Amino acid sequence: MKLAILGAGAFGTALAVALSANGPVTLWGRSTGWSRENPRLPGVTLPDAVTVTDDLPRAAQADTLLLALPAQKLNDFLTANARILRGKTLISTAKGIDLTRLTGPSQLIATACPDAAVAVLTGPSFAADIARGLPTALTLACTDAGRGKVLQHALSTPVLRLYRTTDVTGAELGGALKNVIAIAAGVAIGAGLGDSARAAIVTRGFAEMSRLSARLGARPETLAGLSGLGDLMLTCSSMQSRNFRFGHAKGARQDFDAATTVEGAATALAVTGLARQMGADVPIAAMVAQLAQGSVSVGDAMELLMNRPLKEE
Ligand SMILES: NC(=O)C1=CN([C@@H]2O[C@H](COP(=O)(O)OP(=O)(O)OC[C@H]3O[C@@H](n4cnc5c(N)ncnc54)[C@H](OP(=O)(O)O)[C@@H]3O)[C@@H](O)[C@H]2O)C=CC1
Ligand SMILES: O=C(CO)COP(=O)(O)O
């Protein structure tokens, strides 16, 4: 299997470092003016087995392409480069729902590149941890079980352990929705509401993730696995998470660098649209969408959530 990673941000670069343990990897980015250390992943020197290029046709000579682009940028990239990507195995690592089309990355790929084989790589993993070679477990989702097994073996290393599933919908929804809940958890901690409030948000957030995902055809066990609950726990509990930090800054009324990739903000808006279509109740996501747009204050958001009608768990 010849492997390339498209997108030289923090995560694409970290995956290139990790997967170069198995053989040569090409890392494509649109702005690769740096040489062996990517400013998006400072302190990490690329191994010799990683070739960095800004030549997309060259990178796309590989048969298996990992797409490490932000969710809201993916569709434009796919449609602009559909010809180059034809017939490839395309594995998305984006954790979000496209705001315009209200679909996850796998559906975007299937629409833009109908003859590509589609898979999703997701789960609890900070780029910096992966790049440092710390032990990490991820989920490889592919509806074709045979292809999924081949990819699982090709993309596992001694410190990167992949589990596999055929539930692509569940795997990508878990990764997208946890970012929304992580913003809410960050708000709670930033606003000084305490660890008990965070635990309530994480638990009720998981209920919300499970409810919407079930309506969209995901399996409950996928949501309870690495790609759902596992990533929710990680992202809601660490200042390494950009989504959590974004929420934290909102809660603490501090500035936040607008150039930072925060997938959960746009995804919260997409989730409210999807939930409306599916008739699912998503009060935390709805609040995060309003907070991200600045249409509600942190104090009012928490009060509105706490004063909803009492109900069964
Ligand atoms: N960082 C992490 O720990 C993890 C991230 N992910 C997911 O991976 C995805 C990417 O995140 P991450 O790498 O961290 O993000 P970064 O913000 O570090 O990097 C984003 C990258 O995407 C590139 N990019 C943006 N738009 C385009 C485009 N139209 N064409 C080509 N390249 C483009 C940027 O290029 P440029 O530099 O030129 O702007 C940049 O290299 C997200 O969905 C994220 O949720 C998943 C697991 C862990
Ligand atoms: O997805 C991640 C960890 O699994 C990274 O989270 P952030 O995008 O919030 O940094």
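The values are calculated or read from the model by the stated rules, or taken from the named source; none is laboratory data. Just so you know, these numbers come straight off a predicted model, no measurement behind them. Reconstructed Cβ throughout: ideal geometry from the backbone, glycine too, with neighbour counts over all protein chains shown. Surface areas here come from the heavy atoms of the whole protein model, side chains and all, with no ligands, DNA or RNA. Shrake-Rupley method; radii C 1.70, N 1.55, O 1.52, S 1.80 Å.
When Pro135 is tested against the conditions (1) closer than 22 Å to Ser238 by Cβ; (2) in contact with a helix residue (DSSP H, G or I) (Cβ under 7 Å, 6 or more places away or on another chain), the lone failure is (2).
For region 106-133, the set of residues classified as of a type outside the set (A, V, I, L, M) and within 13 Å of ligand 2 (Cβ to nearest atom) consists of Thr122, Gly123, Pro124, Ser125, Phe126, Asp129, listed by residue number. Any chance region 136-145 includes a residue that's under 14 Å from Leu19 (Cα atoms), open to solvent by 30 Å² or more (accessible area, probe 1.4 Å), in a helix (DSSP H, G or I) and more than 14 Å from ligand 1 (Cβ to nearest atom)? No, there is no match, as no residue in region 136-145 is under 14 Å from Leu19 (Cα atoms), open to solvent by 30 Å² or more (accessible area, probe 1.4 Å), in a helix (DSSP H, G or I) and more than 14 Å from ligand 1 (Cβ to nearest atom). Could you grab me the full set of residues in region 294-304 that are open to solvent by 40 Å² or more (accessible area, probe 1.4 Å) and either in a helix (DSSP H, G or I) or charged (D, E, K, R) (or both)? Matches in region 294-304: Gly299, Asp300, Glu303, Leu304. Before we move on, is Arg30 part of a loop (DSSP other than H, G, I, E, B), of a type in the set (Lys, Arg) and at pLDDT 95 or above? Taking the combined requirement at face value, the residue satisfies it.
For (1) modelled with pLDDT under 95; (2) of a type outside the set (Lys, Arg); (3) open to solvent by 20 Å² or more (accessible area, probe 1.4 Å); (4) not assigned by the TED database to the domain that holds Gly148, each residue gets a yes or a no:
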{"residue": "Ala10", "(1), (2), (3), (4)": "no, yes, yes, no"}
{"residue": "Ser35", "(1), (2), (3), (4)": "yes, yes, yes, no"}
{"residue": "Arg40", "(1), (2), (3), (4)": "no, no, yes, no"}
{"residue": "Leu46", "(1), (2), (3), (4)": "no, yes, no, no"}
{"residue": "Leu56", "(1), (2), (3), (4)": "no, yes, no, no"}
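Tell me which residues, restricted to region 234-252, are more than 15 Å from Ala176 (Cβ to Cβ) and open to solvent by less than 50 Å² (accessible area, probe 1.4 Å).
Ser238, Phe244, Phe246, Gly247, His248, Ala249, Gly251, Ala252
Can you tell me which of Ile183, Ile189 is under 29 Å from Glu303 (Cβ atoms), among the aliphatic types (A, V, I, L, M), open to solvent by less than 20 Å² (accessible area, probe 1.4 Å) and in a helix (DSSP H, G or I)? So the residue among Ile183, Ile189 that is under 29 Å from Glu303 (Cβ atoms), among the aliphatic types (A, V, I, L, M), open to solvent by less than 20 Å² (accessible area, probe 1.4 Å) and in a helix (DSSP H, G or I) is Ile183. Which residue out of Ala280, Ala275 is at pLDDT 95 or above and part of a loop (DSSP other than H, G, I, E, B)? None of the other options fit; the residue is Ala280.
Screening Thr267 against (1) more than 16 Å from ligand 1 (Cβ to nearest atom); (2) of a type in the set (Ser, Thr, Tyr); (3) surrounded by 17 or more Cβ atoms within 10 Å (Cβ to Cβ) leaves a single unmet condition, (1).
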